[in-house]
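The values are calculated or read from the model by the stated rules, or taken from the named source; none is laboratory data. This is a predicted model, so every value here is computed, not measured. Positions of Cβ are generated from backbone atoms using ideal geometry, with glycine treated the same way; all protein chains shown enter the neighbour counts. The protein model used for the area step is the full one, side chains on, heavy atoms only, and it has no ligands, DNA or RNA in it. Shrake-Rupley method; radii C 1.70, N 1.55, O 1.52, S 1.80 Å.
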There are 2 protein chains.
Amino acid sequence: MKNWIIFLLTVIAVFLLALLANSIIDRKAEARFAYQPQVEIEGIEPRDSVWGLNYPRQYQSYRKTADTTFRGLYSTSGFADVLDDQPELVILWAGYAFSKDYNQPRGHSHAITDIVSTARVGSPWKEGEGPMPSTCWTCKSTDVPRLMDEIGVTEFYSEKFSDFGSEIINPIGCADCHDPKTMNLTITRPALVEAFEAMGKNVDDASHQEMRSLVCAQCHVEYYFDKNLPGKEGAAYLKFPWEDGLTVEAMEEYYDNVDFADWVHPLSKTKMLKAQHPDYEIFSMGVHAKRGVSCADCHMPYKTEGGQKFTDHHIGSPLANVESSCFVCHRESKDDLITDVYERQRKIKEGTGYLQKQIAKAHIEAKKAWDLGATEEQMADILLNIRHAQWRWDFSVASHGAAFHAPLETSRIVSSGTGKIQEARIKLARVLADLGHNEPVELPDLNNKEVLQEYIGLDMPAEVENKKRFLEEVVPRWLKEGREREAANLPVTSVRNN
Amino acid sequence: MKNWIIFLLTVIAVFLLALLANSIIDRKAEARFAYQPQVEIEGIEPRDSVWGLNYPRQYQSYRKTADTTFRGLYSTSGFADVLDDQPELVILWAGYAFSKDYNQPRGHSHAITDIVSTARVGSPWKEGEGPMPSTCWTCKSTDVPRLMDEIGVTEFYSEKFSDFGSEIINPIGCADCHDPKTMNLTITRPALVEAFEAMGKNVDDASHQEMRSLVCAQCHVEYYFDKNLPGKEGAAYLKFPWEDGLTVEAMEEYYDNVDFADWVHPLSKTKMLKAQHPDYEIFSMGVHAKRGVSCADCHMPYKTEGGQKFTDHHIGSPLANVESSCFVCHRESKDDLITDVYERQRKIKEGTGYLQKQIAKAHIEAKKAWDLGATEEQMADILLNIRHAQWRWDFSVASHGAAFHAPLETSRIVSSGTGKIQEARIKLARVLADLGHNEPVELPDLNNKEVLQEYIGLDMPAEVENKKRFLEEVVPRWLKEGREREAANLPVTSVRNN
């Protein structure tokens, strides 16, 4: 009888333990919560807040891209105004909007705020006004795929920036990278698809791991606006110059072959190239890419919260989150890893810092040569050297992560740019001597942004004043009209019966 | 009864199995053979063959340093004559012995053969003749510590190269790095000990892992001959310029401060620095050093033979032996790893290849300026730029492994050298224009070694003829006298009673 009681008690105890263990290890309830859509997303939904109803963890972590507290190596002094920190850039970009205003980048959430705030896009009072084409919006908003779908791609590229002020009000978000039905990663920007086609590839063949970089490569690449595309005249058609390869030399050759210039430099009269942000291209030449690492592996590492593993959508510097990013593969101390990155950045910065000063001098020396009566023939080689040198310099610095993503490739590019500008300046010295000026050319104060902006003919006080009024009057109107349009047109989200 | 038989048979079978297993797994017999000295080594024994009686595996693997079959990236075409491959180096080293002859390095076994064969040391017929001091022998032979012990360190540095021809006959070997009593790694060259002292450190404090690099750092470093050391006048005293640090800038500053020059360039009149082979310094700035890897970890990886683990003394390129070297830490394919190394080498070579051509031009342009009557004052800055540019270039290339050991540091140095030579050549263009020569300076054929050697005033046919006679007549005599001296003086090795 006694044994029988012990047996029964044991059975009960084991049963209760199993219940407890199951409640501890079972994540099904969490999974149901996490992956069960609450709302049905119709069409191209530009509002993250709607997606967030279904994917609260991803949405909440993505909202943290508004966070600007992380400061890297060159932000420790708190500066955000790059032109103030490195005034000689005003000379390099004379005649181009970057000479007016160039700030350190901020998170995706700020995309709309930052583009309307920069002096680069001007202060257009009315639709159809202003210096920039509508193409400038392409990488800034989830309203872009919606608008492209509604009006057509070429049509999207064919207006003014000011034409879409009230159409584009949601910053970069869910709809830029995700298919709303399957949540698969998807390419929403035609330029990347077309660039793959031009290389004889199909972006649809990309693996999931490749897509974890390619969704970023929709925007984080070198690109240009082709204004002479047959059949698409009148559009500033967004293109990647990838046909001959992704190296700095291959793209330079591409641009040279199609005789493309972003602008003509007003001092040196050089047909200039502006490198955008060839992040994907440079990353693909580094050791992390070679080892199969994707952008998301470091910039969006996996995270666990409440028993749920998900991708951290707080996209930003992996250095702000070494434990989740680097530590997955690297076993060194956090301080060691960060020091390694900063050391690479410092070594590259030494080279680019020197090079950009030489390029500034070359532009001013070339101006002097023109002023003294230099001929086109005398200057042709010199201008080609300046074009190539600044292209290489810009390629190295415009991709903010270059010094880490592919340090040696970046340093190689800087060395080659230094060689090119050397050749320009040696030839300039000879041309100047020929024209009777055999001494160093007098330079404006290369350490003063305001002095240099005046030197290149900018009226910055007027620009700033216009921008102030633009931000007070135009932008709030754009936003109000946009919200009203959304309220009237966008589908009401239907709550699913779960 | 039946069970009893089965039991007995099992006992016997198990006993036999145990015997077999023991004979398979027991390594005691091997260990006794491997680590039991066969002979007692007396004093400083320069002959590897004697050490080899005690340590046959290490000795036999070390003898493989004679093997020259491995070909790296830039040896695939089979060239050994670097000047023939890159003739502009003749200009860079004009007035210095390297302009006569510079071959790709070979293994340790060839140290004596190669130094007496190179045109750099001349062809001295008698003791006391020839261009080189005895200090040139310092890194070539196990006879060096023996001789330093016998006659004194300063005395060793105070003769001519030709004075020790019959004293130094054994190439780099066991006695250079090992204590014969304990077989511990040991420093036999005073320059490293003194360099540590000058930095306020004690090389005796080094850990075993550090010693696995420091024994190499006895020779694989930047060094110079100090001919004005107080109290040691008359000696070409071997020193490492490490007092201010191990970076290229720190050593440059050291040399500038003590106003040192290896030679004065006959074309440009620049007070030149010859970088030797700052392998240890550059290695210490790379990621492998940072992660605690030593030279021996890759160049002398552990190996197992006949059940014995030992250090492979076949010192050479780790690429010849990726399985034992890289694979210890890296899990990539052999081809991937080798491609990674070659890619680094190619990227650095692009920069150094360009830079050395610019330096060659600068020397020739400076000569032209002098010829046209340039003043010391006009040339001072230019010559300092040339000095610094070539020092940086040489620092990057003279350390053969630099492109792999610390690729980004090396590329940084190349960029800075490119900047320095740019400044020299821009100023040269102005000085030349001042002197009435405002056009590119005419250059000899920079692609032809013979043309350039003649251009700088070398009589290479005579050098080659002298060298031939020297190798036929003098060197065999040195060797014969050396062998006789050894037979007469070196202790007979006493066989131990084991």
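Points to keep in mind about this one:
- B:Asp143 vs. criteria over 16 Å from the mean Cα position of the chain (by Cα), of a type in the set (D, E, K, R) and under 26 Å from B:Lys449 (Cα atoms): no
- The one condition in (1) surrounded by 24 or more Cβ atoms within 10 Å (Cβ to Cβ); (2) within 14 Å of chain B (Cβ to nearest Cβ) that A:Ala433 fails to fulfil: (1)
- Count of the range B:413-430 residues which are open to solvent by 20 Å² or more (accessible area, probe 1.4 Å) and either within 14 Å of B:Lys347 (Cβ to Cβ) or without any contact (Cβ under 8 Å) to a residue 24 or more places away in the chain (or both): 1
- The condition (being more than 30 Å from B:Ile456 (Cβ to Cβ) and in contact with a His (Cβ under 7 Å, 6 or more places away or on another chain)) is satisfied by just one residue among B:Ile282, B:Ile315: B:Ile315.
- Yes/no for A:Ala369 being among the small types (Gly, Ala, Ser), part of a loop (DSSP other than H, G, I, E, B), within 14 Å of chain B (Cβ to nearest Cβ) and under 26 Å from A:Lys271 (Cα atoms): no
- Comparison of A:His388, A:His313 shows that the only residue that is under 30 Å from A:Tyr62 (Cβ atoms), open to solvent by less than 60 Å² (accessible area, probe 1.4 Å), more than 10 Å from chain B (Cβ to nearest Cβ) and in contact (Cβ under 8 Å) with a residue 40 or more places away in the chain is A:His313.
- Being free of Cβ contacts under 8 Å to residues at least 12 places away in the same chain and surrounded by fewer than 22 Cβ atoms within 10 Å (Cβ to Cβ) is a description that does not apply to A:Gly128.
- Residue in the range B:411-419 that is facing chain A (nearest Cβ under 10 Å), touching an Asp or Glu at 6+ places or on another chain (Cβ under 8 Å) and either over 29 Å from A:Ile421 (Cβ atoms) or of a type in the set (Gly, Ala, Ser) (or both) present: yes
- On inspection, A:Phe196 does not qualify as part of a strand (DSSP E or B) and at pLDDT 95 or above.
- Residue within the range B:221-228 that is under 23 Å from B:Tyr96 (Cβ atoms), part of a loop (DSSP other than H, G, I, E, B), open to solvent by less than 10 Å² (accessible area, probe 1.4 Å) and not polar (S, T, N, Q) present: yes
- Residue list for the range A:316-342, restricted to those being under 16 Å from A:Gly107 (Cβ atoms) and either among the aliphatic types (A, V, I, L, M) or open to solvent by 50 Å² or more (accessible area, probe 1.4 Å) (or both): A:Leu319, A:Ala320
- Inspection of the range A:347-366 finds a residue satisfying the criterion of being in contact with a Leu (Cβ under 6 Å, 6 or more places away or on another chain), over 30 Å from A:Asp434 (Cβ atoms), modelled with pLDDT of 95 or more and within 14 Å of chain B (Cβ to nearest Cβ).
- Index of the failed condition, A:Thr69 passing every other in (1) without any contact (Cβ under 8 Å) to a residue 40 or more places away in the chain; (2) assigned to a helix (DSSP H, G or I): (2)
- Applying the criterion of being in contact (Cβ under 8 Å) with a residue 24 or more places away in the chain and of a type in the set (Asp, Glu) to the residues of the range B:343-383, the residue that is least open to solvent (accessible area, probe 1.4 Å) is B:Glu365.
- Subset of the range B:229-247 [part of a loop (DSSP other than H, G, I, E, B) and in contact with a strand residue (DSSP E or B) (Cβ under 9 Å, 6 or more places away or on another chain)]: B:Leu229, B:Lys232, B:Ala235, B:Ala236, B:Phe240, B:Pro241
- Qualifying residue in the range B:195-208 (condition: within 22 Å of the chain's Cα centre (by Cα), under 21 Å from B:His299 (Cα atoms) and free of Cβ contacts under 8 Å to residues at least 12 places away in the same chain): yes
- Filter result for B:Glu253 (open to solvent by 50 Å² or more (accessible area, probe 1.4 Å), farther than 26 Å from B:Pro131 by Cβ and part of a helix (DSSP H, G or I)): yes
- Odd one out for B:Leu273, checked against (1) surrounded by fewer than 21 Cβ atoms within 10 Å (Cβ to Cβ); (2) away from chain A (no Cβ under 14 Å): (1)
- Verdict on B:Ala398 being in contact with a Lys or Arg (Cβ under 9 Å, 6 or more places away or on another chain) and either within 11 Å of chain A (Cβ to nearest Cβ) or in contact (Cβ under 8 Å) with a residue 12 or more places away in the chain (or both): yes
- Subset tally (residues that are within 18 Å of the chain's Cα centre (by Cα) and among the aromatic types (Phe, Trp, Tyr)) for the range A:99-140: 2
- Residue in the range B:262-280 that is modelled with pLDDT of 95 or more, under 28 Å from B:Phe156 (Cβ atoms), assigned to a helix (DSSP H, G or I) and not acidic (Asp, Glu) present: yes
- Test: A:Pro444 is away from every other protein chain (no Cβ under 14 Å) and modelled with pLDDT of 95 or more: yes
- The range B:320-346: number of residues that are farther than 23 Å from B:Val397 by Cα, assigned to a helix (DSSP H, G or I) and within 13 Å of chain A (Cβ to nearest Cβ): 2
- Annotation for the range A:457-478: at least one member residue is of a type outside the set (A, V, I, L, M, F, W, C), open to solvent by less than 50 Å² (accessible area, probe 1.4 Å), away from every other protein chain (no Cβ under 14 Å) and in contact with a helix residue (DSSP H, G or I) (Cβ under 8 Å, 6 or more places away or on another chain).
- Candidates A:Pro133, A:Pro105, A:Pro190 - the one that is in contact with a strand residue (DSSP E or B) (Cβ under 7 Å, 6 or more places away or on another chain) and either open to solvent by 50 Å² or more (accessible area, probe 1.4 Å) or modelled with pLDDT of 95 or more (or both): A:Pro133
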